[in-house]
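The next block holds one structure in the form of C-alpha cells; read it before the comments.
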Amino acid sequence: MKECLRLITERRSITFFDPTKEVPDELIKEILEISATAPSGYNLQPWEVVVVKDKEKKRQLKDICYGQQKVEDASANIVFIANPRAGFEHVDKVLDSWVELGYVPKEAKENLKENIQRGWTDRDKAIRKAIRDTALFCMTVMIVARAYGLETHPMEGFDEERLKEFLGVDKDKVIPVMLAIGYKDPQKELLPRAYRFKFEEFGRFL
Ligand SMILES: Cc1cc2nc3c(=O)[nH]c(=O)nc-3n(C[C@H](O)[C@H](O)[C@H](O)COP(=O)(O)O)c2cc1C
C-alpha cells in the first residue's frame, strides 16, 4: 500500500534521461500490457501506441517535438493514439468476450452493440471518449513504469499533424500525449515539485 503511494507521489516529469541506458523491448511491452488493465468506457480500449526507440527516428521525433532534448535522450518515446472509431472497430471483440465470460447472453449482443455504437456516432463525442480513456491508460503507464524503476515525461509539445505523418497514423485519429521513458541521469537534480492546488482550491463536498 505505502509502496503504491510512493510510486504516485514521487513521480516526476523527468527532464534529464541517461542517454546511455536502454530499456529492453520486452520490458516496455510488459509495462504496456499491465497498464492496459486501465479502465475504459465499455472496455473498448480506444488506444494504440507507437514506441519510438531507433536513434535516428528519435532525432527526427525531437524536431517534431520542437527540439525537446528529452525525446532524444530517453530510451524510448511512447506515442499514445486515441481512436475515435473504436466504438465500431473494437466493439465485436469486447462483446464476444462478454458473451463468452457470461456477462451478457448471446441474444443480447446485437442490441447492446447498437447502443454502444450510438454513443460513438458523433465525432466530437467519440474524440472526447477516446482521449479520456487513452489519458487514463497513459497515466497508468507512468505509475507502472516507476514500479519497474523507470521514469517518464508526458508531452503535449509536438506538431500533431507532422507526428501523424511521421508515424503513418490515420488523419482522423488523435494524438493527445506522448511519453518519454527511460532512466534518470543520476548526475542531474530536478527542481523540487512545483505548487499543487489544495482540496479547498479545486474541490468541494456536496
Ligand atoms: C498532458 C501533458 C503534457 C505535457 N507536455 C509537456 C511538454 O510538452 N514538455 C514539457 O517539458 N513538459 C510537459 N508536461 C509536463 C508538465 O509540465 C509537468 O507534469 C508539470 O509541470 C508537473 O511536474 P511533475 O510532473 O514533475 O510533477 C506535460 C504534462 C502533461 C500531463
**Asked** With axes computed from alpha carbons, what is the tilt in degrees of helix 25-35 against the longest principal axis of the chain, rounded to the nearest 10 within 0 to 90?
**Response** 50 degrees
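Place a +1 charge on the Cβ of each Lys and Arg in the chain and a -1 charge on the Cβ of each Asp and Glu, then give the dipole magnitude about the Cα centre in debye, rounded to the nearest 20.
Working: 35 positive and 36 negative charges, 126 e Å.
Result for the chain is approximately 600 debye, rounded to the nearest 20.
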**Message:** Can you give me the C-alpha center-to-center distance between the stretch 107-183 and the stretch 1-47, rounded to a whole angstrom?
**Reply:** 14 Å
**Message:** Can you show me the helix-derived [θ] at 222 nm for the chain, built from DSSP H runs with n ≥ 4 at -39,500 (n - 2.57) apiece and divided by the number of residues, rounded to the nearest 500.
**Reply:** -13500 deg cm²/dmol
**Item:** Net charge, Pro176 excluded, C-beta distance under 13 Å - Lys, Arg +1, Asp, Glu -1
**Value:** +1
**Request:** Grab the other residues whose beta carbon is less than 15 angstrom from that of Cys4, score K and R as +1, D and E as -1, and report the net.
**Result:** +2
**Request:** Considering Cα pairs under 8 angstrom that are at least six residues apart, work out the relative contact order of the chain and quote it in whole percent.
**Result:** 33 percent
**Fill in**
In degrees rounded to 10, the 0-90 angle between helix 55-64 Cα long axis and the longest Cα principal axis of the chain is 80 degrees
**Prompt:** Roughly what angle does helix 91-101 make with the longest principal axis of the chain, taking Cα atoms, 0 to 90 degrees, to the nearest 10?
**Reply:** 70 degrees
**Asked** Which parts of the stretch 61-75 would a label at Glu165 reach, counting a residue when its backbone N lies under 19 Å from a point 7 Å out along Cα-to-Cβ?
**Response** 61-68
**Fill in**
Expected unfolding gain across Asp172-Tyr195 under the 0.36 nm per residue rule, minus the alpha-carbon gap, is 4.6 nm
**Item:** Burial ranking of peptide ranges 41-48, 71-78, 14-21, 167-174 (average Cβ count within 10 Å, highest at the top)
**Value:** 71-78, 41-48, 14-21, 167-174
**Message:** What is the sum of charges, Lys and Arg at +1 and Asp and Glu at -1, for the other residues whose Cβ falls under 9 Å from the Cβ of Pro19?
**Reply:** -3
**Request:** For Lys125, list the aspartates and glutamates whose Cα falls under 18 Å from its own Cα; do not include residues on the same chain fewer than 8 positions away.
**Result:** Glu89, Glu114, Asp133, Asp172
**Request:** Extending each Cα 7 Å along its Cβ direction at Glu56 and Asp25, get the distance between those two points in nm, one decimal.
**Result:** 1.8 nm
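Bear in mind that the values in this text are calculations on the coordinates, not laboratory data. Bear in mind that the values here come from a model prediction, so they are computed numbers and not experimental data. Cβ coordinates were reconstructed from backbone atoms using ideal geometry, including for glycine residues, and neighbour counts include every protein chain displayed.
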